[in-house]
Every structure is written in structure tokens, then in C-alpha cells.
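Trainee: Before we start, here is the structure in question, set down as C-alpha cells.
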Amino acid sequence: MRRRVAACTIVAASLMAAWYLQHAGAANGPEDNAARPSATAILQIPSASRQAAPALTGHLLDTSPFRLAEWRGSVVVVNFWASWCAPCGEEAPDLQAVAVATADLGVRLLGVNVHDDRDAARKFIGFYHLTYPSLFDPAGETPLNFPAISPHTLPNTVVLDRAGNVAAVARRKVTRTELETTVRALTMEPAATD
């Protein structure tokens, strides 16, 4: 019985590793293990292994245009959510708390509302008193540009350093403590230079 359980564990681990390599791409270099997604913690990506975030443009829920490039120089939290996603609602107060607590540090939060209805998304924002903006992406195309997250599950959170590189990833609901700790550490890094 023990051998059978051990064999199942090895097979499951192998399948998870294969899934990551297929969907997130093989990492390059000696720090590969530090750049693998985790279901239990925010993945911290070493500065030498970070890759530039994709260009992110679109329209916010209030229909105004948005370009992520205009936030370069700030630590940016990008949270993918939908009004029908229960864990998204559970983490929303924590995201808002981080937005307020780190505003003086120049941290910016951006929601990306996917596979949703604009009115339902606006009601969600009002219910949770969210003050940070959200892109409206009813087709769910934006997550496809971020290989470190799963485009088929919510919520997902990506944290960008001040150079616009992906510095941390959470493929599950985040808490205020872990997200704020991650963000504050990134604000202590040297400013981005061209």
C-alpha cells in the first residue's frame, strides 16, 4: 500500500511539473526552481530571472483608456477577477487594504475583470468599496498574455517591479499580509533605469 501511495505521489508530481513546463514555459538558468508556481504561497521571482510583463492596454470599467506603460516606475499589483468568482470576493477587502496601506509608497493596483458583465462588475466594486481601477476584459484575453498564471482559474495576482518585470505571482486567493509583505519588499529595490 505504501509503495502504491508513493508511486501515485511521484506520478502526480511529474504531471504537475509537465503541466508547468507546457503552460508557463521552461525557465532558463540555475534559479528555475525559485520561479515555479506554488499553490500555497506567493511565488517570489529572483530579480535575475524576471521577465518583462506584456504590454497591457484597454479600457477601464468606466470606459476610460488605460496603458500599463504609464505606471512604469511603480510597483504594480495586477489582480485578475470576476464578479461571479467567490474567492475573488473573499480577497477583495485584502486587496483594497493593501492599496490603501501602500499608496504612500507609490504602489498601484489594477484589477482585470474577465469573462464578466460590466454592470455585475461595477456592482462588485461598489459592494466591496474598491477604489483602484479595473480593466474590462469580457473575452478574457488578457490572462493569456501572462504565462505564469492559469488563464482558466480565478483569482490570479501578478506583482510587477518598478522596471515592469514580473516579480511575484499568486495563482490563488491572496491575503493582505502576504501581498503587502511582497509589495513592500519590492518598493525597497532600486528604482527602474532605462
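Trainee: How large is ³J(HN,Hα) for each residue in the stretch 168-182, as worked out from phi by the Karplus curve 6.51 cos²θ - 1.76 cosθ + 1.60 (θ = phi - 60°), to whole Hz, x for Gly and Pro?
Mentor: Result, rounded to whole Hz: 7, 9, 10, 9, 6, 4, 9, 10, 4, 4, 5, 5, 5, 4, 4.
Trainee: Ok, one more. Would you work out which of Leu144, Leu95, Leu68 lies farthest towards the positive end of the dipole of the stretch 30-187, given +1 charges on the beta-carbon of Lys and Arg and -1 on that of Asp and Glu, about the Cα centre?
Mentor: Of the options given, the answer is Leu68.
Trainee: Given the stretch 30-187 reduced to its alpha-carbon atoms as identical point scatterers, what log10 I(q)/I(0) does the Debye formula return at q = 0.15, 0.16 Å⁻¹?
Mentor: -0.72, -0.83
Trainee: With equal scatterers on the alpha carbons only and no solvent term, can you work out the Debye log10 of I(q)/I(0) for the stretch 88-151 at 0.16, 0.21, 0.25 1/Å?
Mentor: Per q value, in the given order, log10 I(q)/I(0) is -0.59, -0.94, -1.15.
Trainee: Report relative contact order for the stretch 30-187 in percent, whole number only (criteria: Cα-Cα under 8 Å, sequence separation at least 6).
Mentor: Numbers: 300 pairs, mean separation 52.4, N = 158.
Reported relative contact order: 33 percent.
Trainee: Name the long-range amide H neighbours of Asn156: under 5 Å, sequence gap of 5 or more, or other chain; modelled H, no Pro or chain starts.
Mentor: Counting only residues 5 or more places away or on other chains, the set is Phe80.
Throughout, read-outs are computed from the coordinates displayed, never taken from laboratory work. All of these numbers come straight from a predicted model, not from anything done at the bench. Glycine gets a Cβ as well: all are built from the backbone with ideal geometry, and neighbour counts include every protein chain shown.
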